[in-house]
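Single-structure report; data block below.
Computed from the coordinates by the stated procedures, all read-outs in this text should not be read as laboratory data. Computed from a predicted structure; not experimentally measured. For neighbour counting, all protein chains shown are included, and Cβ atoms are generated from backbone atoms with ideal geometry for every residue, glycine included.
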Amino acid sequence: MYGFRNFDASGLTDSLAGFLLGGLLFLIGLPGLISGGKEAITFDPHSKTILIENVNRFRTNRRYIGFNEVSDVRTTSIGHRSDGSITYYLLLELKNGKKVPLFYPSYYDGRFSSYVAEERCEKAKEYIGIQKLTLF
């Protein structure tokens, strides 16, 4: 807006300005229309796999991770108290060094609760078979 403060076009009418504003708002909202979707995470103890399924309007991506590929599961967060809220999610650390976020900041029950994230982490460790490390 600051760049166009001295813009003076003799052919610019109110209806054209409204149309251009509508086009700008459409372009701003287009990524939200395209990227909207949901994520489903399934721990299958029988096949010993984790299924991460991302469904959006155009396609479904499925990723399978074997329990034997996981080296650790931990709870992590994004955000700061000074920003107003912290969102918690799980992070799978694979044996090849890659990190895979589960329940990454999206809309699910308990995303602002460290207690819920810790419960999910413990349940994931149970399924995968990672022993809890106890220090004495």
Original post:
Which length gain, in nm to one decimal place, applies between S85 and L20 when the Cα-Cα distance is subtracted from 0.36 nm times their residue separation?
Top reply: 19.8 nm
Original post:
Say each of I130 and L30 gets a label point 7 Å from the Cα, pointing the same way as Cα to Cβ; how far apart are those two points in nm?
Top reply: 4.1 nm
Original post:
Which chymotrypsin sites (Phe, Trp or Tyr not before Pro) from the range 20-59 combine a DSSP loop assignment with at most 13 other Cβ atoms within 10 Å?
Top reply: F58
**OP:** List nothing, just return the count: lysine pairs in the range 37-128, 8 or more apart or interchain, with Cα separation under 21 Å.
**Re:** 11
**OP:** Mind sorting V55, V73 by how few other Cβ atoms lie within 10 Å of their own Cβ, fewest first?
**Re:** V55, V73
Original post:
What order do you get for H46, H80 when you list them from fewest to most C-beta neighbours inside 10 Å?
Top reply: H46, H80
**OP:** Calculate one ³J(HN,Hα) per residue across the range 14-28 by plugging θ = phi - 60° into the Karplus curve 6.51 cos²θ - 1.76 cosθ + 1.60, and present them in order as whole Hz with x for glycine and proline.
**Re:** 5, 5, 5, 5, x, 5, 5, 5, x, x, 5, 5, 4, 5, 5
Subject >> Cα-based shape type of the range 37-128, given that a ≥ b ≥ c are square roots of the gyration tensor eigenvalues and the cut on a/c is 1.5 >> reply: oblate
